[in-house]
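Below you'll find the structure, written out as structure tokens, and then a few comments.
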2 protein chains.
Amino acid sequence: MNADILKERQNATFDVEKLTNILDGGPELTKRRREIESMVLNDPDFMEEDPNFLSRSERYDQAVRKSAQMILKLREYGIADPEEIYCYKSMACGPRPEPVGLHFAMFLPTLYNQCEPEQSRKWLPLAESLRVVGTYAQTEIGHGTHLRGLETTATYDPATQEFVLNSPTVSSIKWWPGGLGKTSNHAIVLAQLYTQGNCHGLHAFIVPIRDMNTHVPLPGIVVGDIGPKFGFDEIDNGYLKMENVRIPRENMLMKYAKVEPDGTYKKPPSAKLTYGTMVFIRSMIVGESARALSKASTIAIRYSAVRHQSEIRPGEPEPQILDFQTQQYKLFPLLATAYAFIFVGQYMKDTYSRISGDINQGDFSELPELHALSAGLKAFTTWTANAAIEVCRMSCGGHGYSRSSGLPDLYVNFTPTCTYEGENTVMMLQTARYLVKSYQQAKAGQQLSGIVSYLNETDHRRVQPQPVSARPTVVDINDLASLVEIYKLRAAILVGMAAKSIQQELQHRKNQADAWNNSAIDLVKASDAHCHYVVVKLFTDKLGEIGDTAVHSVVSSLALLYALHGITVNSGDFLQAGLLSVPQVLQISVRIKELLSQLRPNAVALVDSFDIHNKKLNSVLGRYDGNVYENMFEWARRSPLNATEVHESFYKYLKPLRSKL
Amino acid sequence: MNADILKERQNATFDVEKLTNILDGGPELTKRRREIESMVLNDPDFMEEDPNFLSRSERYDQAVRKSAQMILKLREYGIADPEEIYCYKSMACGPRPEPVGLHFAMFLPTLYNQCEPEQSRKWLPLAESLRVVGTYAQTEIGHGTHLRGLETTATYDPATQEFVLNSPTVSSIKWWPGGLGKTSNHAIVLAQLYTQGNCHGLHAFIVPIRDMNTHVPLPGIVVGDIGPKFGFDEIDNGYLKMENVRIPRENMLMKYAKVEPDGTYKKPPSAKLTYGTMVFIRSMIVGESARALSKASTIAIRYSAVRHQSEIRPGEPEPQILDFQTQQYKLFPLLATAYAFIFVGQYMKDTYSRISGDINQGDFSELPELHALSAGLKAFTTWTANAAIEVCRMSCGGHGYSRSSGLPDLYVNFTPTCTYEGENTVMMLQTARYLVKSYQQAKAGQQLSGIVSYLNETDHRRVQPQPVSARPTVVDINDLASLVEIYKLRAAILVGMAAKSIQQELQHRKNQADAWNNSAIDLVKASDAHCHYVVVKLFTDKLGEIGDTAVHSVVSSLALLYALHGITVNSGDFLQAGLLSVPQVLQISVRIKELLSQLRPNAVALVDSFDIHNKKLNSVLGRYDGNVYENMFEWARRSPLNATEVHESFYKYLKPLRSKL
């Protein structure tokens, strides 16, 4: 092991294993996770070449091979718990998605949830045995977020009792679904349902797209890969253009809405049924943000402990770059953020599973709040983690730019979370809608409960923006409860300001829609402040659950750093609202520097606690043993461009050029 | 042409061509630029497949072919002016660098500047005819920014009158130089010079690395490609490991420092001679930031005019997303930033060429200021543009993630500017060093001139942080001169605070080096504020040169948006320093919204004014004609994964899997 990183580990003030257990949710879960990870580790079938050395087609090929292996092995080992499947797959695939991912994540669940019993009997055995491999085709080339805008049509023909599917325009071509291009032979297609001359909006249809034996596209189907992307090289995101494609009436998913043989439409009992899935997926993405940021900060902090560069004191040897204040200031707030998001992710998962029982019983009372929270936190955490990964990459100097660092792959495979499952700005506005509605209810005298209770009239009357001199200065910048309080007041004030902006716009224009759009900047800001408050609060709450004194101490420092750093970045808000005085803001800057020094000896131990195995981290810079440079050299020598000593372009272009000059 | 984008162009309030001329530096320059661009456009030799469809080796091959063509054609056309060469190459290569780029950018210029006459006679004909293809090998795998840390040695052996070059450790392997891996047969190697038992620091040596006829690596040389990166796929960034490689004494570049045949070392007259080149390159990077951001905002704004999504008013057709306030708020400040950086780039180029005459005469008096400015602005503009490109990409929804958008390529090929030619944080600290030194000089009674004159004692005595009530509120938020003034005062206050932090640290620790490191956060902040002030000032100054009323009006709105947006993002600083009151900050938010609406009708015309040809933009989303979706479909169908209808992985893995389940 590299001597620097060994020394770092020896200097840590807490027991890494204890913190790992907290992050896993208990020692038993740590143990089981490691068991599952070792199944992949010790399996020669998962030995593979670095995908960065392969062509797109080879990468796709290797990924399909792994998918097929994983399906067999998970059944062989009897791993069926979704968490454990996730754990197995993320060890086998690293940050890279798998081509049949959507078959399991969307196609099968949709069949489970939306098939009539007869449909289940037909389709489930086919799908579970992978004779039918499916995907979920909703997005079109010209339409995404706004479902009513989708153009694909499914017109019922009572004469043959079939639906006729069409992509009537270029903009209606299905675009983006994972596994659609090459892998799937069926797709659940979302289309506008027409019957008896009326459009009944979006419904789901099972559409065969390739012959089940030959895999050749069926008549009327134009299907293929949408071409190379920023990342997701393993996935055949696809296009699907349909021309008079006929499917039997029974291929419409009919558990809720129905079309009778004669074409009579029966509408579903509730529109809220798919709502739960969306909330679930967005809650899971919060956890993805935490995992991505944990990986990035592990790589950057370990390499910063190993890397020596420049000088602090003239004449002395080059110091570890982790000793530079600027490097600590880049990385430690992100490390704190990774911890914050892990705890928020745990909270979202727990909350979802707590109320999902109610949802299954038809009780949706807690869903709107969770929906608003999951939308906002999905956006808040993905935007933050997205930018943070790049800060980590650039903090590694030039080597962060090499694919061997693992950071480019991490970034390109994470960044879609800002866009998919609800574009982030749209998400922030959805949360804002809930906040403004709650604010107005509170103003109308209703007593709010839950996470928005801070908007109750009694509270928000005292949080109008006002000069700091008018507010008793009771904020203690070292007390997290006190900081949670001012984050809450900031959120309350910004929600109030956004609501007031809408009010003012209405007075000028008298049009709700334009008033909303003309207040959108304020609304996004309010949502952001709300989410920030929730994250600081949940991080603080978590500290109460940590018994071990040494662990509690270091995690408390992280929480304090997270809260104070967020204040300095948004100091304008806090000053403007009179929540902090100018001297307090200056004190906070000083306190942050102290916290950086305080966390410095534990930085490596804090990323070790994430316990991300080298295979999963997939980074020469982030290796546990710190032996970076020899391994980077070895990796480079395997690069395909080094397959021959002299590249053919020398003979073709460079040598002939000489005679022409 | 797409109807939406046509309408946008018809609604513009100014003459696009007039603004283009201003950006080019005059109508004659616009004309000449277009002439050169059309040479590439009409040249069938530059027809090529999208590199995104090729393997790494094919991309490198295609790039070498283009490099060879460009060399021939530039000579054929007699294009020799560096600006015109740049223009030709950027049309032919788009955002992608070329494998022999460093031969022209570093190898040849170093020969021109550092050869003795005899050396020039030998090497220049070889290099100019490309029999010698060279690169510049400075960075090592374990050493970058800090030149004294480089480990490669060149030890003089008077017995044979040779230098013996060695890479004594793994961390000393040369790493990163462009064209080193496969393309070059020579390298200028920077190594610690040892002679007569003493080390004389870093010197430059011409080292043959491959046989000039066979291109096979020479004995003692281990050379190759460092492997795949985030971008720069066209370039064989390389490694070089030397073991007792002997070169003649005459291969040391001896215009300044010398080693006599007997091993006597003669030191160079001045260390400032390479200083100018660094300043020049960093100044050029400011222009690169402007160009990259111009491209990104062209793509995002044109596509936002074409793309319809969601709803503002219920029941109405989906609006252009450019009508959403949130979209305007994302993109228009970036558009304003692109304009700001173009003008700053022009200023840097003009300033450099103004004083480069002095430099050649040995007059370095203006160099320190320009050095500090170019370091800071390099960091300020690249960080800003880097983040902005990603905002532009994500503002295009999912399609930004497709390689067809051009935005991923733009990002991965631009982002290295944050690291190379001086890592950005290091650059900010260099600028800070100059600012703090100037501040201390002023405090000691010296009268400063030039861009830091605002630090003069008479000025900075009145800019201590103080409550706003104590400062007469004379700021007019609609008056750019007034805004320049408060940006200046903010910079002065932050430089003062950083200097004070150093002072306080010195009182505690009495160690200059640690005091500096413990104030680094404040120092970076001070540099950032200084650069921000310079950019706002130069943008404002530029308005004075614009005669046309309509153009002046719209560019003034951009300048105002740039200045006000920068204030809201940093409102904490302005409030803290008492430079603005709380009501003024609120007014600024309202004013920004007005400016967004005001700029909306001219948004497309403002990106059209950049006049970036489709071929150079290389983006389906940013096409001038706005015909996005049909072309995206066509592009996708050419994707290599669509070469066969059924991918071989179906037969290899998916079909066999069925029988096992």
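The values are calculated or read from the model by the stated rules, or taken from the named source; none is laboratory data. Everything quoted here is computed from the prediction, not taken from an experiment. In this analysis, Cβ positions are derived from the backbone assuming ideal geometry, glycine residues included, and neighbour counts consider all displayed protein chains. SASA here: full protein model, heavy atoms, side chains in, ligands and nucleic acids out. Shrake-Rupley method; radii C 1.70, N 1.55, O 1.52, S 1.80 Å.
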Would you calculate the separation in nanometres between label points at B:D45 and B:S597, each defined as 7 Å from the Cα along the Cα-to-beta-carbon direction? 5.6 nm
Mean per-residue count of partner chain Cβ within 10 Å for B:651-659 equals 6
If you roll a 1.4 angstrom probe over the protein chains with everything in place, what fraction of the accessible area of chain A belongs to carbon and sulfur, to the nearest %? 53 percent
The long-range amide H neighbours of B:T135, using H built 1.01 Å from N in the peptide plane and a cut-off of under 5 Å, are B:H186, B:A187, B:I188
Buried accessible area, chains A and B (both chains, 1.4 Å probe, Å² to nearest 100): 11300 Å²
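I'd like to know how the range A:322-383 sits against the 2.2 N^0.38 Å rule of thumb: what's its Cα Rg over that expected value?
Relative to the rule-of-thumb radius for its length, the range A:322-383 sits at 1.58.
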For A:S453 and B:V590, what is the calculated FRET efficiency with R₀ set at 25 Å and r taken between the beta-carbons, to the nearest 0.05? 0.25
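So for the range B:133-268, averaging the separation of alpha carbon pairs under 8 Å that are six or more residues apart and normalising by length, what relative contact order in percent results? All intermediate terms of the calculation are to be shown ahead of the outcome.
Numbers: 333 pairs, mean separation 37.8, N = 136.
About 28 percent, as a whole number.
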Roughly how far apart, in whole Å, are the Cα centres of the range B:633-661 and the range B:467-542? 59 Å
Percent antiparallel among DSSP beta bridges confined to the range A:55-213, nearest 5, equals 70 percent
Put the label 7 Å from Cα along Cα→Cβ for B:T549; what are its distances to the other copies, in nanometres, shortest first? 7.9
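Run the numbers on chain A and let me know its relative contact order in percent, using alpha-carbon pairs under 8 Å that are six or more apart.
Values: 993 pairs, mean separation 102.8, N = 661.
Contact order relative to length: 16 percent.
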Alpha-carbon Debye profile of the range A:133-268, log10 I(q)/I(0) at 0.11, 0.12, 0.13 Å⁻¹: -0.37, -0.44, -0.51
Can you list the HN-Hα couplings for the range B:349-361, worked out from phi with the Karplus curve (6.51, -1.76, 1.60; θ = phi - 60°), rounded to whole Hz and with x for Gly and Pro? 5, 4, 4, 4, 5, 4, 8, 5, x, 4, 4, 4, 7
Measuring label to label, 7 Å along Cα→Cβ, what does B:P583 give against each other copy in nm, shortest first? 2.7
Averaged per residue, what accessible surface does the range A:133-268 expose to a 1.4 Å probe, in Å²? 32 Å²
Rolling a 1.4 angstrom probe over the protein chains, ignoring ligands and nucleic acids, what is the accessible area of A:I486 in square angstrom, nearest 10? 10 Å²
Of A:Q192, A:G142, A:G224, which is farthest on the positive side of the dipole of the range A:133-268, counting Cα position, with +1 on Lys and Arg Cβ, -1 on Asp and Glu Cβ, and the Cα centre as origin? A:Q192
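Express in nm, to one decimal, how much length is gained between A:T568 and A:V222 on full extension, taking 0.36 nm for each residue of separation and deducting their alpha carbon distance.
That pair, A:T568 and A:V222, stretches by 119.2 nm at full extension.
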Estimated FRET transfer efficiency when R0 is 60 angstrom, pair B:K18-A:E634 (beta carbons, to 0.05): 0.55
So the label point sits 7 Å from Cα along the Cα-to-Cβ vector; using that for A:E250, what distances do you get to the other copies, in nanometres, sorted shortest first? 9.0
Peptide ranges B:153-159, A:608-614, B:562-568, B:349-355 listed from the most packed, as the mean C-beta count within 10 angstrom indicates: B:562-568, A:608-614, B:153-159, B:349-355
At 0.36 nm per residue, minus the direct Cα-Cα distance, what do A:K615 and A:R658 gain on full extension? Give it in nm, one decimal, please. 10.8 nm
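Using per-residue counts of other Cβ atoms within 10 Å, averaged over each peptide, order B:290-303, B:209-222 from highest down.
B:290-303, B:209-222
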Give me a single rounded figure for B:228-239: the average over its residues of other chain Cβ atoms within 10 Å of their Cβ. 5
Roughly speaking, what is the centre-to-centre gap between the range A:78-123 and the range B:320-394 when only Cα atoms are used, to the nearest Å? 49 Å
Across bins of 20 angstrom width beginning at 0, how are the C-alpha pair distances of chain A distributed, in whole percent? 16, 46, 32, 6, 0
On average, how many beta carbons from a partner chain sit within 10 Å of the beta carbon of a residue in B:400-411? 4
Show the residues, 5+ positions off or on another chain, whose built amide H is closer than 5 Å to the amide H of A:K229. B:R403
Table column - 3J(HN,Hα) (Hz), the range A:249-266, Karplus curve with 6.51, -1.76, 1.60, x for Gly and Pro: 3, 5, 7, 7, 6, 10, 4, 10, 6, 9, 10, 6, x, 7, x, 5, 9, 10
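Please work out the FRET efficiency for the pair A:L506 and B:M278, using the Cβ-Cβ distance as r and a Förster radius of 51 Å; give the result to the nearest 0.05.
0.35
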Translational diffusion coefficient of the protein assembly as shown at 20 °C, 1.002 mPa s, Stokes-Einstein with Kirkwood Rh over Cα pairs, in µm²/s as a whole number. 65 µm²/s
So what are the ³J(HN,Hα) numbers for the range A:514-529, from phi and the Karplus equation (6.51, -1.76, 1.60; θ = phi - 60°), rounded to whole Hz, Gly and Pro as x? 5, 4, 4, 4, 6, 10, 4, 4, 5, 5, 5, 4, 5, 4, 4, 5
